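The values are calculated or read from the model by the stated rules, or taken from the named source; none is laboratory data. Bear in mind that the values here come from a model prediction, so they are computed numbers and not experimental data. Cβ sites come from the backbone with ideal geometry, for glycine too, and all protein chains shown count toward neighbours.
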Amino acid sequence: NPPNNDKPPTYLFKIIIVGDETVGKTSFLRRFTDDTFSPQYSATIGVDFAVKVVETAKNEVVKLQVWDTAGQERFRSMTSSYYRGGHGVVLMFDVTKRPSFLHLSNWLTQIQSFSNDDTTIVLVGNKADEDEGREVGTDEALKFAHENDLQYFEASAKDDVNIVNAMEALCTANIERV
Ligand code: GTP
Ligand code: MG
C-alpha cells in the first residue's frame with residue numbers, strides 16, 4: 001500500500017543488507033526506495049542507509065530503516081557493528097556469480113555472531129533477469145535456503161522482481177513476533 005506519512009508508525013524496523021560486492025545490494029535498495037535502477041557500478045563505501053514508510057493490509061504503518069553495507073572485504077570489520085539492534089537481514093547473492101553463492105555460509109556465520117538471536121533472515125538471489133551466464137540454479141538455492149531455514153526470493157533489481165515481496169516477508173515475520 002502507499003505510505004501514509006500522517007500517521008505515526010506502529011512499527012520501526014531496522015533492516016541490514018549484506019552479501020558479496022557487486023551482488024546488487026545498493027541497486028535493490030534504490031529500487032525499493034526510489035524505484036530507480038542504474039547499470040553503472042559505484043561501490044558502497046562503508047555503510048549507507050535509507051528510510052521507507054510502508055502500510056500493511058491492516059493499515060499498520062511500518063517505518064523501515066534499511067542499512068546498505070559495503071560488500072568489499074576491506075569494509076567488513078566496520079559493517080559488523082551495524083547488525084546490533086537489527087530486526088531483519090537481507091542476505092544477497094548474485095545468481096550469475098557462483099562465488100557469491102558459495103560465500104553464503106560465511107555470511108550466515110557473521111550474521112549469527114553479530115545479530116540478535118531472533119533476527120529474521122531472507123535469502124535473495126539477485127540478477128534473475130540474466131538468463132545467459134547464470135551460475136546458480138533455483139533448485140540449489142532453494143535447497144540451501146531450506147537447509148538453513150531461510151525464505152528464498154529470486155529477484156531482479158533491474159526488472160523490479162520480488163523486491164517488495166522480500167521486504168514484506170521481513171516485515172510480516174517481525175510483526176508476527178511483536
Ligand atoms: P557493493 O556496494 O560493492 O557491495 O556492491 P552492491 O552489492 O551494492 O552492488 P550494486 O548494487 O552496486 O550493483 C553492482 C552492479 O550490478 C551494477 O552494475 C548494477 O547495475 C548491477 N545490477 C544490480 N542489480 C542487478 C540486477 O537485478 N540485474 C542486473 N542485470 N544487473 C544488476
Ligand atoms: Mg553497494
Inset, instruction - Within segment 44-65, count every residue that is in contact with a Phe, Trp or Tyr (Cβ under 9 Å, 6 or more places away or on another chain) and free of Cβ contacts under 8 Å to residues at least 60 places away in the same chain. - result: 11
Legend entry - Members of segment 116-135 that are in contact (Cβ under 8 Å) with a residue 40 or more places away in the chain and in a loop (DSSP other than H, G, I, E, B): 118, 127, 135
Legend entry - Residue check for residue 61: hydrophobic (A, V, I, L, M, F, W, C), more than 10 Å from ligand 1 (Cβ to nearest atom), farther than 29 Å from residue 138 by Cα and modelled with pLDDT of 95 or more: no
Legend entry - Hey, residue 106 surrounded by fewer than 20 Cβ atoms within 10 Å (Cβ to Cβ) and at pLDDT 95 or above or not: yes
Inset, instruction - Spot the failing condition for residue 23; the list is (1) aliphatic (A, V, I, L, M); (2) without any contact (Cβ under 8 Å) to a residue 60 or more places away in the chain; (3) within 8 Å of ligand 1 (Cβ to nearest atom), and only one is missed. - result: (2)
Inset, instruction - For segment 26-46, enumerate the residues that are outside any loop (DSSP other than H, G, I, E, B) and either more than 10 Å from ligand 1 (Cβ to nearest atom) or not aliphatic (A, V, I, L, M) (or both). - result: 26, 27, 28, 30, 31, 32, 33, 34
